[in-house]
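Everything below concerns the one structure shown next.
The values are calculated or read from the model by the stated rules, or taken from the named source; none is laboratory data. Only a predicted model underlies this, so the values are computations on that prediction, with no experimental measurement involved. All Cβ positions, glycine included, derive from the backbone under ideal geometry; neighbour counts span all protein chains shown.
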Amino acid sequence: MTKRKNLFSIAHDHFHGLMLAQMIKKDGQVLEGMPSTVDEKVRFTIHFHEQEFINHFYIEENILLPLVKSYTHKVDKHLEKMVKEHNEINELVNSLKDKDDLKMKLDKIGRKLETHVQMEEWILFPAIQDALDDEELKKLAKELEENGYENIYKY
Ligand SMILES: [Fe+2]
Ligand SMILES: [Fe+2]
């Protein structure tokens, strides 16, 4: 048990997600050189969603999820939560096209992003690590890496 305790590290994309969350949340920090007005933040969020989230969610839902499910059903409820939250984030980002309540929507996206990353990093990934054996984890890490998702499981 101790041997496998710290096998995973934070996914690279998740750092970006957390930074975006800080930038767009109502009480988030002002980050130097980053968008500061509501309009700039909206444009940045939509761009970021297109450039990073869509691919990131695709890999989690189409590579990580089926592979994990082929090994175990112990984490199904976390995987379902993951997909549900992706859909909620997508819907929230799409709602930015309607110009009403932009500040409130940005705040909601920031909070949702933060709790989503925390759920994956603190609950889902450790649960996968506990449920899979070393060989299965290696295969998962390799598949993720080959698809551009930073290796979250260290060997
Ligand atoms: Fe996710
Ligand atoms: Fe993720």
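Given the criteria in contact with a Phe, Trp or Tyr (Cβ under 7 Å, 6 or more places away or on another chain), under 24 Å from GLU146 (Cα atoms) and of a type in the set (Val, Ile, Thr), does ILE10 qualify?
Criteria not met by ILE10.
So which of ASP100, ASP107 is touching a residue at least 40 places away in the same chain (Cβ under 8 Å) and over 30 Å from ASP134 (Cα atoms)?
The match here is ASP107.
Only residues that are under 30 Å from SER36 (Cα atoms) and of a type in the set (A, V, I, L, M, F, W, C): list them for the range 123-155, please.
Within the range 123-155, none qualify.
What helices (runs of 4 or more DSSP H), lying completely within the range 18-123, carry at least 1 residues that are modelled with pLDDT of 95 or more, more than 29 Å from LEU137 (Cβ to Cβ) and in contact with a Leu (Cβ under 8 Å, 6 or more places away or on another chain)?
Once the helices (runs of 4 or more DSSP H) in the range 18-123 are filtered for at least 1 residues that are modelled with pLDDT of 95 or more, more than 29 Å from LEU137 (Cβ to Cβ) and in contact with a Leu (Cβ under 8 Å, 6 or more places away or on another chain), what remains is 38-48, 102-118.
Output the residue which, of all residues in the range 112-140 that are among the acidic types (Asp, Glu) and within 11 Å of ligand 1 (Cβ to nearest atom), is farthest from GLU91 (Cα to Cα).
GLU121
Report, ordered by the first and then the second residue, all pairs with beta carbons closer than 8 Å, sequence separation of six or more or different chains, a first member in the range 64-77 that is free of Cβ contacts under 8 Å to residues at least 60 places away in the same chain, and a second member that is part of a helix (DSSP H, G or I) and surrounded by 17 or more Cβ atoms within 10 Å (Cβ to Cβ).
Pairs that qualify, where the first residue is free of Cβ contacts under 8 Å to residues at least 60 places away in the same chain and the partner is part of a helix (DSSP H, G or I) and surrounded by 17 or more Cβ atoms within 10 Å (Cβ to Cβ), are LEU65/LEU79; LEU65/MET82; LYS69/LEU79; LYS74/ALA127; VAL75/VAL68; VAL75/LEU124; VAL75/ALA127; VAL75/ILE128.
Got at least one residue in the range 143-152 being in contact with a strand residue (DSSP E or B) (Cβ under 8 Å, 6 or more places away or on another chain), touching a residue at least 12 places away in the same chain (Cβ under 8 Å) and part of a loop (DSSP other than H, G, I, E, B)?
Within the range 143-152, one or more residues are in contact with a strand residue (DSSP E or B) (Cβ under 8 Å, 6 or more places away or on another chain), touching a residue at least 12 places away in the same chain (Cβ under 8 Å) and part of a loop (DSSP other than H, G, I, E, B).
Can you tell me which of (1) over 20 Å from the mean Cα position of the chain (by Cα); (2) within 16 Å of ligand 1 (Cβ to nearest atom); (3) not charged (D, E, K, R) is the one THR72 doesn't meet?
(2)
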